[in-house]
């Protein structure tokens, strides 16, 4: 695992040096006295929990925010980054979590948007633009036509375009903000190949990720942020995995997966031969009370699509669903909720809460049939329901009438989960329940999931993270290309077996 | 101080204040404007706008828009006026039922196109707006139906006084009460907010967003149909260009009243006050002797001001700077 810093010489001077950077927002001290160094030809990992100040630092570095104090030096010369353009001109570029590109524009236009090559009349030189874009794409081994519209590309290909865009402005400092969040196993490998090439080309890379395996795989240096301060930095080969976790959360995380032993009861949900015209084929499963069933696979294996069909968002072409021994037909989410199946979607921020609505209205929304009488809503009942689940989930809010949009991210998540628990489901489907959240919050989600199982709920957990699958599941179903590629019991399950089943590669190992 | 500030933060309070300031300014020069009798007249005059703005707000809440409401008024108004002229013996309540039923049908056509064919509402209603007005021309041949061609009962109903207030005003008040109940006390009302607030989250919560939008259009069309009769009867004339451009007034009332143009935010109180604010201006400017052209410019300036205030209100809501900004759906 510990990659040897290949081309490292201890004398490499940092290309970028930030010292004493502070930034305060009304009521929040986002960064205080932070330092960061980036070296050419090396990858520096920026690690920290959500809200540790990583994004603020990135925004300062890309000229979007202005620091209250401190200095930024490039090549030993102090610089100012008053605007995004200024940062670009100094060779700083960022590839974001959700890369901001334009669906309706071609690949070449996306790469050169804002700095299109001009001909002598000041008009866009299309030939030069396509030629240069093609050269850059060729340089990173991306076989994409420059005339393709972005909307026709896969997520991984879009990342390649984003990287090409970064290269097109002749960047020397490349910031990658969770670039692997939306990528599959294979695509991550490809991305790492590109990072290697960027390294060889002498770029200084800042790599932000929640995934420690990745950090160890491609980074040489690290910086850990906690609560807006830099709490540690140095060479990765001088620290252990545990050291980093300790720095990051400021305490020892003894057990990452607090799975409690739950009593496994009768079969609650039985799915038989579930098929979809395009997304999945012949999926069958049995789920018992108190059981956590892991659903593993690469991105695009059809796991979410299967769960959405189970929840009535899309419609299967064949197959039956039996809930508590009764055959049910789920034609819409409303049917599923009535039957006792709920689905907590992957992008809880975007798909979960209605931010303009109050906490009460959000929590009661799927339960309105229960809280209303003769089609008239009863506010008192709704408040009672919301109060109960706010208490159970330890929701921090000034008032239950305040809009969900005014809550912090963590509390918004609690509202989303509370709204589903309030429907008193028998089966809860959690799609990537900890994606993109920090280690501290992850442990809380896992503890909560475990508690639900103990209370007799049947849980289906879709996850792409092997440690999570291994740590939380009683049983694991692996899907590949829309089909079931294996069913595994918790005992004796290895990461290699999961990856083999998911990739279909007999020799593959983690 | 904080109480004052939190009160000012509410759109309704701000609008009440704006209306009062407006009235005070007008009264300073024309004391007669603020007599109870005249104010009741202003309300009566604004009743149709209030009703249609409420229907429009249901549509806007679901993140759609209904540009066809004024054309709906023209078509239903023309239809009942011609029916009244051709069959004078037909009781007025039958004509009202015809207006309501026809408006409902026209709204259902909009809703159906938006729901089943998944065409953006602005495109659908831009099309039906032209079609409805075209049909009004086709059925009338471009001719007017004048007061003397309408039956006395047809003309008198909106003017009939009950407890000192005309029926038209009572209809407006009833619409406010019903809309309040619908928006705040029924599952459908909640579905309007949820659909516009976050369509995907609404689907996951078991709401049929297509059906919700459909019903919002049906509601808006139904109200427009009823107002078709009220309009023609009140102004005692029906012609193809009746209520021309009025759809923009209904949208303006919503925007001034704090209804978010991207859906999910708005209150009945805000919409009513937004409509009244426009109503006061429309009634006061001629009194002060300002030309109709200035009136249009002033209305426009007020709409832009309201949008700026709306946008700032939304910005304050997103004060948690460290959270990633979500893309609007």
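Since every read-out is calculated from the coordinates, none of them should be taken as a lab result. Remember, it's a predicted structure, so these values are computed and weren't measured experimentally. Glycine also receives a Cβ, built like all others from the backbone with ideal geometry; neighbour counts cover every protein chain displayed.
Points 7 angstrom from Cα along the Cβ direction at residue A:266 and residue A:22: gap in nanometres?
6.5
Can you give the extra length, in nm with one decimal, that the chain gains between residue A:68 and residue A:12 once fully stretched, where that is 0.36 nm per residue apart less the Cα-Cα distance?
Computed gain between residue A:68 and residue A:12 is 17.2 nm.
Normalised by the residues of segment A:102-169, what does the relative contact order come to in percent, with Cα pairs under 8 Å and at least six apart? Could you put the intermediate results ahead of the total?
Working: 77 pairs, mean separation 30.2, N = 68.
Relative contact order, segment A:102-169: 44 percent.
Using only helices, what value at 222 nm comes out for the protein assembly as shown when you add -39,500 (n - 2.57) per DSSP H run of length 4 or more and divide by the total residues, to the nearest 500 deg cm²/dmol?
Details: 32 runs with 410 residues, N = 839.
Calculated mean residue ellipticity at 222 nm is -15500 deg cm²/dmol.
Name the most mobile residue of B:87, B:69, B:265, meaning the one with the largest mean-square fluctuation, in a Gaussian network model of chain B with Cα contacts below 10 Å.
Fluctuation is largest for B:87.
Based on the Cβ-Cβ distance from residue A:331 to residue A:374, what FRET efficiency comes out when R0 is 25 Å, to the nearest 0.05? Mind dumping the intermediate values first?
Details: r = 25 Å, r/R0 = 1.00.
The calculated FRET efficiency here is 0.50.
When a/c reaches 1.5 or more, the comparison of a/b and b/c decides; with that in mind, is segment A:148-198 rounded, prolate or oblate per its Cα gyration tensor? Let's see the in-between values first.
Working: a/c = 1.90, a/b = 1.15, b/c = 1.66.
Note, shape of segment A:148-198 comes out oblate.
Would you mind ranking B:93, A:311, B:30 by Cβ crowding within 10 Å, fewest neighbours first?
Values: B:93 10, A:311 25, B:30 14.
The order, fewest Cβ neighbours first, is B:93, B:30, A:311.
Note the angle between two axes, namely the Cα long axis of helix A:126-139 and the longest principal axis of the Cα atoms of chain A, as a number of degrees from 0 to 90, rounded to the nearest 10.
Computed tilt is about 80 degrees.
Counting DSSP beta bridges with both partners in the protein assembly as shown, what percentage is antiparallel, nearest 5?
Working: 50 of 85 bridges.
That works out to approximately 60 percent antiparallel.
To test your reading of the geometry: what angle, between 0 and 90 degrees and rounded to tens, separates the Cα axis of helix A:409-421 from the longest principal axis of chain A?
Tilt relative to chain A: about 20 degrees.
For the pair residue B:235/residue A:103, report the inter-label distance in nm, with labels modelled 7 Å from Cα in the Cβ direction.
The two pseudo-label positions are separated by 4.1 nm.
What ratio of Cα Rg to 2.2 N^0.38 Å holds for the protein assembly as shown? Please list the in-between numbers first.
Values: Rg = 31.3 Å, N = 839, 2.2 N^0.38 = 28.4 Å.
Taking N as the residue count of the protein assembly as shown, the ratio is 1.10.
Would segment A:78-140 count as rounded, prolate or oblate if I go by the C-alpha gyration tensor, calling it rounded below 1.5 in a/c and otherwise prolate when a/b exceeds b/c, oblate otherwise? Intermediate values should be presented prior to the final figure.
Values: a/c = 1.85, a/b = 1.32, b/c = 1.40.
It is oblate, given that a/c is not under 1.5 and a/b is not larger than b/c.
Normalising by the residue count of chain B, find the relative contact order in percent from Cα pairs under 8 Å and 6+ residues apart. Could the numbers behind the result be given before it?
On the way: 520 pairs, mean separation 105.3, N = 329.
Relative CO of chain B lands at 32 percent.
Angle between the Cα long axis of helix A:185-200 and the longest principal axis of chain A, 0 to 90 degrees, nearest 10?
With both axes taken from Cα atoms, the answer is about 10 degrees.
For chain B, set up a GNM with springs between Cα atoms under 10 Å and report which of B:215, B:17, B:226 has the largest fluctuation.
With Cα springs under 10 Å in chain B, the top fluctuation among B:215, B:17, B:226 is at B:17.
At 7 Å along the Cα-to-beta-carbon direction for both residue B:13 and residue B:181, put a label point, then send me their distance in nm to one decimal.
With each label point 7 Å from Cα toward Cβ, the separation is 3.0 nm.
In which sequence would A:126, B:231, B:116 go, from the one with the fewest C-beta neighbours within 10 Å to the one with the most? Show your work: numbers first, answer last.
On the way: A:126 14, B:231 26, B:116 10.
Fewest-to-most ranking of A:126, B:231, B:116: B:116, A:126, B:231.
Efficiency by 1/(1 + (r/R0)^6): what FRET value for residue B:307 and residue B:23, r their Cβ-Cβ distance, R0 = 25 Å, to the nearest 0.05? Could the numbers behind the result be given before it?
On the way: r = 23 Å, r/R0 = 0.94.
For residue B:307 and residue B:23, the calculated efficiency is 0.60.
Calculated FRET efficiency, residue A:239 and residue A:154, Cβ-Cβ r, R0 30 Å, to nearest 0.05? Show your work: numbers first, answer last.
Values: r = 36 Å, r/R0 = 1.19.
The computed FRET efficiency comes out at 0.25.
How much length is gained on full extension from residue B:153 to residue B:288, taking 0.36 nm per residue of separation minus their Cα-Cα distance? Write out the running numbers ahead of the final one.
On the way: separation 135, 0.36 × 135 = 48.60 nm, distance 3.52 nm.
Full extension of this stretch gives 45.1 nm more.
Output the relative contact order of segment A:199-319, whole-number percent, from Cα pairs under 8 angstrom with separation of 6+ residues.
Numbers: 128 pairs, mean separation 19.4, N = 121.
Relative contact order, segment A:199-319: 16 percent.
I need the shape label for segment A:102-169. Rule: rounded when a/c is under 1.5, else prolate if a/b > b/c, else oblate, with a, b, c from the alpha carbon gyration tensor.
prolate
Build a GNM of chain B with springs between Cα atoms under 10 Å: which of B:253, B:275, B:121 gets the top mean-square fluctuation?
B:121
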